[in-house]
Amino acid sequence: MKRIITLGVVSILSSFVLIGCSGTSSSISADNQQAGWTVIQTNLSNKKIKNIIKTAGEKDGWRMTEFKKNAILADKTDGDDLISTTVYFNKNSFTTDPKNDDLEDAISDELEEVTSSN
């Protein structure tokens, strides 16, 4: 009898864990927005988003270097200073780390330009 009760309790707890984990995926874009990510309001592929980010940075004078599947290193010389940041992105949003509002604005403008022309 103890074994049946223990199995029942373990089953119930496992169900709660599975339900809790599956419920978090729907709030990913809300979590990204709260974490300072800029939400992308289009339905583009990761490859297209990456190309738009690279183009926007290069137009704004940044040297854009692919780093990972979802990250691009951005460097820019400002007088004697070198500014470096990493752009992280997915199909729904992007951000820079450390934060760089100028680059984020350039990316947002390029996204708006590309999506309005389609």
Worksheet item: Considering only the range 47-69, how many residues are of a type in the set (S, T, Y) and over 11 Å from V114 (Cβ atoms)?
Response: 1
Worksheet item: Which residues, counting only those in the range 60-93, are part of a loop (DSSP other than H, G, I, E, B) and either under 14 Å from the mean Cα position of the chain (by Cα) or surrounded by 18 or more Cβ atoms within 10 Å (Cβ to Cβ) (or both)?
Response: W62, K69, N70, N90, K91, N92
Fill in: Filter result for the condition that a residue is out of contact with any strand residue (DSSP E or B) (no Cβ under 7 Å at 6 or more places or on another chain), at pLDDT 95 or above and basic (K, R), over K59, K76
K59
Worksheet item: Considering L7, L44, which residue is at pLDDT below 95, surrounded by 10 or more Cβ atoms within 10 Å (Cβ to Cβ) and closer than 23 Å to S117 by Cβ?
Response: L44
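The values are calculated or read from the model by the stated rules, or taken from the named source; none is laboratory data. This one's a predicted model, so the numbers in the text were calculated from it and none came from an experiment. Methodologically, a virtual Cβ is constructed for each residue, glycine included, from the backbone with ideal geometry; neighbour enumeration extends over all protein chains shown.
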